[in-house]
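Input: a single structure, listed below in structure tokens.
The values are calculated or read from the model by the stated rules, or taken from the named source; none is laboratory data. This one's a predicted model, so the numbers in the text were calculated from it and none came from an experiment. Glycine gets a Cβ as well: all are built from the backbone with ideal geometry, and neighbour counts include every protein chain shown.
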Amino acid sequence: MLKKLFSLSTGHRIVGLDILRTIAILLVMISHSKVYLPESIQRFLSFFLIDGVAAFFVLSGFLIGRIMIKVFSEKISFKQIFNFWARRWLRTLPNYYFILLILIGLEGLVNNIDISSYIFKYSFFLQNLYYPIDHFFPESWSLAVEEWFYLICPLLFFLIYSFFVKYSRKKIFFMGIVSIILFANIVRIYYYFDLGSKNYFTYDRYFVRQVITRIDAIIYGVLAAWLYVYYPALFNKNKTVSFILGCIGVLLIHNFEYFYQPFQYLLSFTLTSIAIMLTLPFLNNIKQIKFKVLQYSIVHISLISYSMYLINLSLVTFWILPLFKIQTDIVNFFLFWGITMAISTILYKKLELPFLTLRDKILK
């Protein structure tokens with residue numbers, strides 16, 4: 001019974017991209033659970049704890065970019081855009097609204113907090129559009145970035161297409177990519193000189209976790225998809241070297257960005273995204289791993305990663321773990337991981353997968 005409940009059908013996958021998605025969610029999980037570990041281990045881990053969300057953004061852009069380029073290859077119309085939106089929203093919204101309702105209910109019924117503002121803002125992903133996110137459901141900031149990107153990017157391509165009808169799709173996509181990169185960098189420059197004093201709160205809430213300052217993170221993945229489609233030889237050239245450079249670059253940026261403030265606020269986001277982008281050609285060519293158990297584990301975590309992202313902090317850490325009233329940190333550490341993995345697998349099988357199946361049926 002339990003084996004059937006927690007087993008997943010992995011199907012045909014690009015395992016290399018599953019590796020990146022798995023690493024990204026594990027980095028997020030470690031960053032949220034390291035408080036249960038000894039300080040010496042925390043200090044050691046901090047060297048490797050790069051921004052897992054940045055990896056999610058670039059990977060998402062690469063996958064979505066290939067879809068958009070394929071869908072809009074002949075014509076960019078509102079019918080195609082609505083179809084694209086429907087596919088994205090049926091993939092992301094059911095799980096999100098399910099967890100959101102649970103968290104809103106807990107805040108309202110248990111903590112007796114006025115939740116009216118939460119309902120509106122979080123239902124329409126307004127929680128961090130151009131202002132700091134609340135303490136409620138804080139990890140949802142990155143999903144808001146994704147959802148606004150899904151909404152804006154196809155419309156931008158359509159707008160450019162409307163003005164430059166005679167341009168090739170290759171040029172239209174590239175113009176859209178450059179436009180989003182310029183917009184986000186201009187916003188960050190404006191914030192940097194307008195906000196005055198700089199501190200961790202300013203950096204975290206105004207630069208790291210706002211839609212208008214981070215929307216370009218996804219577009220670097222789209223740029224990789226653009227290269228993959230239109231310049232495949234260039235995309236795959238020296239992929240091993242670019243993978244090594246990308247990994248080294250991410251670690252260097254992560255460990256040295258705090259030493260020079262303008263670099264941290266203005267350049268680190270762009271360079272981190274580019275470094276992650278450099279790893280994609282190598283990973284995209286990994287179709288399978290010799291060790292089947294390892295491959296199954298990677299694919300399994302990759303499949304449930306979205307559910308893990310939604311529940312690991314606000315639901316598991318803030319609500320479920322306190323119910324056990326365990327004082328031993330290491331026990332809480334393993335409980336955190338075990339509970340998150342178990343609930344996420346069930347969520348994927350019972351909610352996310354059925355909606356994906358429904359989506360494929362109604363949008364076929």
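Before we move on, is Ile253 more than 22 Å from Pro138 (Cα to Cα), touching a Leu at 6+ places or on another chain (Cβ under 9 Å) and of a type in the set (Val, Ile, Thr)? Against the criterion (more than 22 Å from Pro138 (Cα to Cα), touching a Leu at 6+ places or on another chain (Cβ under 9 Å) and of a type in the set (Val, Ile, Thr)), Ile253 qualifies. Selection of region 64-91 for residues being among the aromatic types (Phe, Trp, Tyr) and part of a helix (DSSP H, G or I) yields Phe78, Phe82, Phe84, Trp85, Trp89.
Of the helices (runs of 4 or more DSSP H) lying entirely inside region 320-364, not one is found with 3 or more residues being touching a strand residue (DSSP E or B) at 6+ places or on another chain (Cβ under 7 Å). Sub-6 Å Cβ pairs linking a first residue in region 310-338 that is under 22 Å from Glu146 (Cβ atoms) to a second residue that is surrounded by 18 or more Cβ atoms within 10 Å (Cβ to Cβ) and of a type in the set (Ser, Thr, Tyr), at least 6 apart or interchain, are Asn312/Thr340; Val316/Thr340, ordered by first then second residue. Condition check for Ile253 on (1) over 24 Å from Arg209 (Cβ atoms); (2) touching a Ser or Thr at 6+ places or on another chain (Cβ under 9 Å): one failure, at (1).
Could you go through region 158-170 and let me know if any residue there is within 29 Å of Tyr203 (Cβ to Cβ) and assigned by TED's automatic domain parsing to the domain that holds Lys75.
Our first condition is that a residue be within 29 Å of Tyr203 (Cβ to Cβ); within region 158-170, this holds for none.
No, that holds for no residue.
Answer yes if at least one residue in region 157-175 is under 25 Å from Arg87 (Cα atoms), modelled with pLDDT of 95 or more, surrounded by 14 or more Cβ atoms within 10 Å (Cβ to Cβ) and under 21 Å from the mean Cα position of the chain (by Cα), and no otherwise. Checked region 157-175: no residue is under 25 Å from Arg87 (Cα atoms), modelled with pLDDT of 95 or more, surrounded by 14 or more Cβ atoms within 10 Å (Cβ to Cβ) and under 21 Å from the mean Cα position of the chain (by Cα).
Examine region 26-47 for a residue that is free of Cβ contacts under 8 Å to residues at least 24 places away in the same chain, among the charged types (D, E, K, R) and either farther than 28 Å from Ala342 by Cα or in contact with a strand residue (DSSP E or B) (Cβ under 6 Å, 6 or more places away or on another chain) (or both), and state whether such a residue exists. There is at least one residue in region 26-47 that is free of Cβ contacts under 8 Å to residues at least 24 places away in the same chain, among the charged types (D, E, K, R) and either farther than 28 Å from Ala342 by Cα or in contact with a strand residue (DSSP E or B) (Cβ under 6 Å, 6 or more places away or on another chain) (or both). For region 316-362, filtered to residues that are of a type in the set (S, T, N, Q) and under 25 Å from Leu27 (Cβ atoms), the residue that is farthest from the chain's Cα centre (by Cα) is Thr328. Selection of region 125-151 for residues being over 17 Å from Ile180 (Cα atoms) and over 18 Å from the mean Cα position of the chain (by Cα) yields Tyr131, Pro132, Asp134, His135, Phe136. Could you tell me whether region 46-63 includes any residue that is at pLDDT below 95 and of a type in the set (D, E, K, R)? Yes, some residue in region 46-63 is at pLDDT below 95 and of a type in the set (D, E, K, R).
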